[in-house]
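The values are calculated or read from the model by the stated rules, or taken from the named source; none is laboratory data. In this text the structure is predicted, and so the values were computed from the model without any measurement. Please note: Cβ atoms are built from the backbone with ideal geometry, for glycine as well, and neighbour counts cover all protein chains shown. Please note that ligands, DNA and RNA were not included when accessible areas were found on the heavy atoms of the full protein model with its side chains. Shrake-Rupley method; radii C 1.70, N 1.55, O 1.52, S 1.80 Å.
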Amino acid sequence: MGIGTLAHSVGHLPLQQLTAKLSGRGIDFVQLALTKAISDIDTSLGKLSPALANHIGEQFHRAGIRIGVLGCYINPIHPDPQVRRHEINRFKEHLRYARDFGTSIVATETADLTTYLTQDSERYEAIGWELLKQTVEELVEEAERWGVFIGLEPVFTHTLSSTEKMCRILEEIPSSNLGVVFDPVNLLPPAAVEVASQNAFLDDAFTAFGDRIILAHLKDVIVRNDKLEAVASGKGIFQTKSFLEKLHHYKPGIDISLEQLADDTIEEALQYVRTLLSS
């Protein structure tokens, strides 16, 4: 399994400085959110090209790191149609040039579940769902055209708020180019803090969409003031070893991107996860 992290974990930096800081840290790959990570290149909508994508990919390659996924975390259900169109076009541009960066995955989350609550307290979930479906259908057409994958990341408080909803979007948009970015902590129900509850949740999720996972995210969780709070792997109560064993069973060799890290905590988290994988 490839172990990586968010490229901007070490800061928002000029490209060569960024790759230099990531080099030699034991990272196999990065999840690259262009505007969050690279400070000296304009990668806003309309600025990407095959040559620019190749240049960025080559800098990471020279540092011994591949770009495993492009993070393009848009709001696919934004209430302002003009803003939503801009976001959709930006994601489509990432899809077009993904392979020039050296990857085949572009990932996003799906915005807050309560986005339309004030507009319609009874139908807000349905409104958000229909907009999400329309957006993803359009993005899937682009992904199919370029032979790349869209990674949707379900989150407990977002439009894709549960295992069931993740399955529903996969069923309603039956495209092989649509996959799951599975971050178990982001989807973990607040009540699932006991070991048995966590394992039941993981079993349900893997049974439901394990074959559609294209990337895993990994962090840990603690309980603070009766709420779940994300922390770096090895610092909480999440059943990381159990998750890794199940993940290996369903998707051997898949990339795992570690989250909740900073420049000075990367090595510790990498060592913790690699030790679990080898035990």
Output the number of residues of the stretch 1-13 satisfying the condition of being buried (at least 23 other Cβ atoms within 10 Å of the Cβ) and part of a strand (DSSP E or B). 2
Residues of the stretch 225-246 being open to solvent by 30 Å² or more (accessible area, probe 1.4 Å), in contact with a strand residue (DSSP E or B) (Cβ under 7 Å, 6 or more places away or on another chain) and part of a loop (DSSP other than H, G, I, E, B), which ones? GLY234, LYS235, GLY236, ILE237
For the stretch 219-239, name all the residues that are in contact with a Pro (Cβ under 8 Å, 6 or more places away or on another chain) and under 18 Å from SER257 (Cα atoms). PHE238
Unique match (being touching a Pro at 6+ places or on another chain (Cβ under 8 Å) and either open to solvent by 10 Å² or more (accessible area, probe 1.4 Å) or modelled with pLDDT under 95 (or both)) among SER39, SER44: SER39
Out of all the residues in the stretch 22-36, which are open to solvent by 70 Å² or more (accessible area, probe 1.4 Å) and at negative phi? THR35, LYS36
Kindly indicate whether ASN75 is modelled with pLDDT of 95 or more and more than 15 Å from the chain's Cα centre (by Cα). no
Looking only at the stretch 247-279, count every residue that is within 20 Å of the chain's Cα centre (by Cα), surrounded by 15 or more Cβ atoms within 10 Å (Cβ to Cβ) and not in a loop (DSSP other than H, G, I, E, B) and tell me the total. 9
Within the stretch 91-110, take every residue that is farther than 30 Å from GLY24 by Cβ and in contact with a Ser or Thr (Cβ under 8 Å, 6 or more places away or on another chain) and give me the one that is surrounded by the most Cβ atoms within 10 Å (Cβ to Cβ). THR110
